[in-house]
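The values are calculated or read from the model by the stated rules, or taken from the named source; none is laboratory data. In this text the structure is predicted, and so the values were computed from the model without any measurement. Neighbour counts are summed over all protein chains in view; Cβ atoms, including those assigned to glycine, are modelled from backbone coordinates with ideal geometry. The accessibility values were calculated without ligands, DNA or RNA, using every heavy atom of the protein model including side chains. Shrake-Rupley method; radii C 1.70, N 1.55, O 1.52, S 1.80 Å.
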Amino acid sequence: MDLNLLPLLLAVAEEPNFRAAADRLGLTRSAVSQGVRRLEDALGVHLVMRTTRSVRLTEAGQRLVESLRAPMAAVQTALETRENIPRGRLRLAVTSIAEDFLAGPLLARFAEAHPQVTLDVTVTDDEFDIVARGYDAGIRLGEVIEQDMIAVPVSSPQREVAAATPAYLARHGVPSHPRDLLLHRCIGWRPAPNTAPWRWEFEEHGKPFDVMVNPQVTTNDLRLMLRTALAGGGITFAPWDCMRDHFASGRLVPLLEDYLPPFAGFYLYFPQRQNMAPKLRALIDHVRHWDR
């Protein structure tokens, strides 16, 4: 088997079609298509399903890609480490609520300082093994990061908060206890269509508890939650940082703050490696020196 064909399959797995994979690799579409066909012939199994507009992995192709991502990333890291120059594609999986990291300035300054690094940021709230998926690092709340990962803080401690517009509160009243939320129109979050809306978590007299609100509007998009709340659609629940500017302007009013203590913030996390790629080391140093 020609091992040079393996990067072709990985590119096809991460792009919508052969043309996009070819552009990423600097090859022709025909070269990528023929290379994948040669790999299939060598293995004796179909790896991708082809249509006129797109390709998708077969079950066998998915299994092969999942098993290849970590070792191929290790090979790439070893090659980059020898040069000791930050360069190449840096893949990050970032939660949608990491407002400060996703705001723009942190990444813009990093890109400016390291022009040979290409940032590939996937905003996702799915929890998965970043090593198995081929990511260099991730950004998550500290409480959900695996214990075997190295974590560097990228934010100060965080706090969830309930909020609504002054107009909504004037019409429907201000809740004095989290249980009162059951009497209000709420705007909730869920990670995926087949999952229940997220329970809103509080603390009273040092004891945590949650309220299973029945949201009238539920979405996996934080921006839609905020826009609906700003339009007077009800009470929403999100990290303080995401609503800070709206609190300052008076467009939203924070609620139930006595029941919402701070917790550990967001962290850049990555696996322990003997040789760290210069591109990842550069990002870690950038995050550590960023003014939070």
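Summarising the amide proton neighbourhood of W198: residues at separation of 5 or more, or on other chains, whose placed amide H is nearer than 5 Å comprise W189, R190.
Report, to the nearest whole %, how much of the accessible area of the chain belongs to carbon and sulfur atoms, 1.4 Å probe, protein only. Answer for the chain: carbon and sulfur cover 50 percent of the accessible area. In order along the range 197-214, phi translates into HN-Hα couplings of x, 4, 6, 8, 9, 9, 9, 9, 6, x, 10, x, 8, 10, 10, 8, 5, 10 Hz, rounded to whole numbers, per the Karplus curve 6.51 cos²θ - 1.76 cosθ + 1.60 with θ = phi - 60° and x for Gly and Pro. Computed from Cα atoms, the angle from the helix 59-83 axis to the main principal axis of the chain rounds to 80 degrees.
For S96, nonlocal amide neighbours, meaning residues 5 or more places apart or on other chains whose placed amide H falls under 5 Å from its own, are T124, D125.
By a 1.4 Å probe calculation restricted to protein chains, R171 has an accessible surface near 140 Å², given to the nearest 10.
Dividing the alpha-carbon radius of gyration of the range 3-81 by 2.2 N^0.38 Å (N being the number of residues), what value is obtained? Output field value: 1.06.
If the Kirkwood radius is taken over C-alpha pairs of the chain, then at 37 °C and 0.692 mPa s the Stokes-Einstein diffusion coefficient equals 151 µm²/s.
The angle separating the long axis of helix 240-249 from the principal Cα axis of greatest extent in the chain is about 50 degrees. Largest mean-square fluctuation among E14, E257, E66, in a Gaussian network model of the chain whose springs join Cα atoms under 10 Å apart, belongs to E14. Computed per residue of the chain from DSSP H runs no shorter than four, each worth -39500 (n - 2.57), the mean residue ellipticity at 222 nm is -11000 deg cm²/dmol. Considering the zone a paramagnetic label at R56 would reach in this model (a point 7 Å from Cα along the Cα-to-Cβ line), which residues of the range 1-38 have amide N under 17 Å from it? Residues 12-18 fall inside that zone. Database remark: amide H of G232 closer than 5 angstrom to the amide H of T165 (H placed geometrically; neighbours at sequence offset of 5 or more, or on other chains; Pro and chain starts carry no H). Taking θ as phi - 60° and the Karplus parameters 6.51, -1.76 and 1.60, the scalar couplings of the range 117-128 work out to 9, 9, 8, 10, 9, 9, 8, 8, 9, 5, 9, 8 Hz in sequence order, x denoting glycine and proline. Spacing of the modelled spin labels on E257 and H289, each 7 Å from Cα toward Cβ, amounts to 3.6 nm. In the Gaussian network model of the chain, springs joining C-alpha atoms below 10 Å, which of V213, V123, V55 carries the largest mean-square fluctuation? The residue that fluctuates most here is V55. Look at the dipole of the range 3-81 built from charges on Cβ: of S54, V32, L10, the Cα furthest out on the positive end belongs to S54. When only alpha carbons are used to place a centre, the range 1-74 and the range 196-249 end up 42 Å from one another. Extension gain for D210-V75 works out to 44.1 nm (0.36 nm per residue, less the C-alpha to C-alpha distance).
Taken per residue, the accessible surface of the chain reaches 54 Å², heavy atoms only and a 1.4 Å probe. For the options A132, A31, A21, a Gaussian network treatment of the chain with springs between C-alpha atoms closer than 10 Å singles out A31 as fluctuating the most. Each Cα pair of the range 179-264 feeds into the Kirkwood radius, which the Stokes-Einstein equation turns, at 25 °C and 0.890 mPa s, into a diffusion coefficient of 180 µm²/s.
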